[in-house]
Structures are given as C-alpha cells and as structure tokens.
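The block underneath contains the structure these notes are about, expressed in structure tokens.
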Amino acid sequence: MIDANVEVGISGRYKFIIKKDGVIKSETPWFKNLITNQGMNLLSTSAAWHSWCQVGSGSTAPAFTDTALVARIAAATNSANLVGTIDTTNHYFVGTTSYTFSAGAAAGNIAEVGVGTASTGTTLFSRALVLDTNGNPTTITVLAGEDLVVVYQVRMKQPQGDFTGTTSGNAWTMRAANQNLSQSNGWAANGRAQHVGPGSNGVYLAYTGTIGPLSGVPSGTSSDAGASSVANIAYVADSWERGILITFTTALANQSNKCFTWSIGFTFWQVEFSTPIVKTNLQTLKLGFKMSWTRDAGP
C-alpha cells in the first residue's frame, strides 16, 4: 500500500444572481461556505452530493454538524457533472454548477443556502449564510416575478510537493500528475473521492520510464490496456480517507515497471519506485494507494 499521507484540501463558495425576463438585475459577490461533516463523508461515496440546491430564510450560523437548512423555502436541481476547470495560478481544480429557481419558486427573503443530495431532509453537503461584500450576513430579496440563479463552486487544492516512503523495502516518490487537465485522465469533474470508473482510459497504467512533472505523466513505454480491475477499499466513517486496490492480471504490464499512474475520484497521481517492479505473464500485480481530504480555506 502506498500511503503517502496526502491530504487534498476542499473548499467551496456561492454566488447569487437575480434575473427578470432573462436580464440580470443584481448579483452578489462570491461568499464562502462551510462543508459539513456529512459532506466530507459524502465525498467518499458515489452519491451526487451537488445534485440539489436549497435556499431558506434561517439566520443561524453554519456548523459542521448541520445536515439541513434552518428554514427551507425552495429547492432546485442540477444533476449534471460539475464543469471542471483548473486554476493554474493558485493550483486548484474548480468544479462549478448552477441552479435556477424559476420566477416565484424562491420568492422571499433568502438568508441561507446549501447543496446536497436531495431537495429536502437532512441531506446537505454544504451550508452558508448569504454574505455581503464585507463578509457580514445579509438577506437577498427575490420578488415573485424574478428568477434566482445560485452558482456553486467546489475547489480542490492540488499538492505541489513530492511525497516519499518505502513499501516492502522499495523506496518510492509520489506526486500529482496532469495537473493542468480537467478530464478523464486528469483532475476530473465528478467531485468524488472514490474510484468510480473502469481501469483503462489512460489512467491506471504502468510505465518503464521515470516520473513526470506535475503537469505530465511518467516517461517510457506504458502498459497499453491499463489495469484489469480497480476496487475501493472499505471506507471508515469520519476518516475522510479512501484507498483503492489496482490489479494487473497476467496479460498486463509485462515489463520492467518503474512508474504507475492512477486516479481516485477527482485526483490524478503518479509514483516512481527506486527499483523497477519486473512482471511476467505468469504473475499478477496488485498495488494499493491511499489519499485523504481535509477542509481548506480556499484562495
């Protein structure tokens, strides 16, 4: 198991836009959220934690133990994957989604907001009070003939340093990979911290060359088909830590393997071993990797 004590920082923020007849009437500045303890656990699952947005009139300060709004008024859905971009200056993966409350749906004085897995109930990933330009709680008045658009961004910090260790007497160096890509073989937009896809697509590969830069992948010849299977290791509630087990069967990666690449949910990694792992078609190779996540203040 490659356990590099990697912590990926998670943060988020909201913006409100009020429209009438398709024209923007007002817009709030971005204001930060609080990702709940439940939200931190949801990152370990396949749940679409960002599929619903709820707004309400409650003024109680957010707490990590929150699971619902104080006084819900309305909800809107967007089940699409987050739209992913990379903040190359501050080194963040940024996933953005928006929710439209059509005219009359969210009429009233809005003071709180959250995103989560459902339109009602104790389902929140994140909660925030609406804040003004000075960071003070405020309310947004939405009239009966106005649309409310809520934009939510989740930000995931990309580690810039190397991690080192030794497994079974073989020293390794691990670092992030393809940091400037937001796609299936980069920092992906599903916003989850577990393996949720097949072991191919240029992700779970073995390489004969040396480790690449943060913006790339290892050099040398890669195994053309990827791993045969990728399995999640059981998640422990409140650990905010996820492991995966990658398997290369007898037909795969039959070469002198110095490096490997893999993803766990929204992240993408590479590792180099000081002594190459030589594999033949009589052997099966299994590799385990682990990462964790924590709250981040954001840029």
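The values are calculated or read from the model by the stated rules, or taken from the named source; none is laboratory data. Computed from a predicted structure; not experimentally measured. We place every Cβ from the backbone using ideal geometry, glycine too, and count neighbours over all the protein chains shown.
What the table below lists for this structure:
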item: Restricting the range 119-146 to residues that are among the hydrophobic types (A, V, I, L, M, F, W, C) and within 22 Å of the chain's Cα centre (by Cα), the residue that is nearest to Ser59 (Cα to Cα); result: Ala128
item: Condition check for Asp132: among the acidic types (Asp, Glu), over 16 Å from Val55 (Cα atoms) and in the same structural domain as Lys25 (by TED's automatic domain parsing); result: yes
item: Strands (runs of 3 or more DSSP E) contained in the range 246-298 and holding at least 1 residues modelled with pLDDT under 95 and among the aliphatic types (A, V, I, L, M); result: 256-264, 285-295
item: Test: residue in the range 126-136 that is under 20 Å from Gly265 (Cα atoms), in contact with a Gly (Cβ under 9 Å, 6 or more places away or on another chain) and surrounded by 22 or more Cβ atoms within 10 Å (Cβ to Cβ); result: yes
item: Residue match in the range 104-116 (condition: in contact (Cβ under 8 Å) with a residue 24 or more places away in the chain, part of a loop (DSSP other than H, G, I, E, B), within 16 Å of Lys15 (Cα to Cα) and not hydrophobic (A, V, I, L, M, F, W, C)); result: no
item: Matching entry among Gly216, Gly265 (being free of Cβ contacts under 8 Å to residues at least 40 places away in the same chain, within 22 Å of the chain's Cα centre (by Cα), surrounded by 14 or more Cβ atoms within 10 Å (Cβ to Cβ) and within 21 Å of Tyr92 (Cβ to Cβ)); result: Gly216
item: Test result for Ala76, in a strand (DSSP E or B) and either touching a residue at least 40 places away in the same chain (Cβ under 8 Å) or surrounded by 15 or more Cβ atoms within 10 Å (Cβ to Cβ) (or both); result: yes
item: Single match in Ser11, Ser44, Ser26 (criterion: in a loop (DSSP other than H, G, I, E, B) and either over 30 Å from Asp162 (Cα atoms) or within 15 Å of the chain's Cα centre (by Cα) (or both)); result: Ser44
item: Among residues of the range 103-118, those that are over 18 Å from Ala63 (Cα atoms) and either crowded, with 21+ Cβ neighbours inside 10 Å or in contact with a Cys (Cβ under 9 Å, 6 or more places away or on another chain) (or both), counted; result: 2
item: Search result, residues across the range 27-63 that are in contact with a strand residue (DSSP E or B) (Cβ under 7 Å, 6 or more places away or on another chain) and of a type in the set (S, T, N, Q); result: Thr28, Asn33, Thr36, Gln38, Ser44, Ser51, Gln54, Ser57, Ser59
item: Candidates Thr85, Thr65, Thr60, Thr97 - the one that is at pLDDT below 95 and either surrounded by fewer than 21 Cβ atoms within 10 Å (Cβ to Cβ) or not in a strand (DSSP E or B) (or both); result: Thr85
item: Within the range 153-165, tally of residues that are closer than 13 Å to Val271 by Cα and in contact with a strand residue (DSSP E or B) (Cβ under 7 Å, 6 or more places away or on another chain); result: 4
item: Index of the failed condition, Val203 passing every other in (1) outside any loop (DSSP other than H, G, I, E, B); (2) modelled with pLDDT under 85; result: (1)
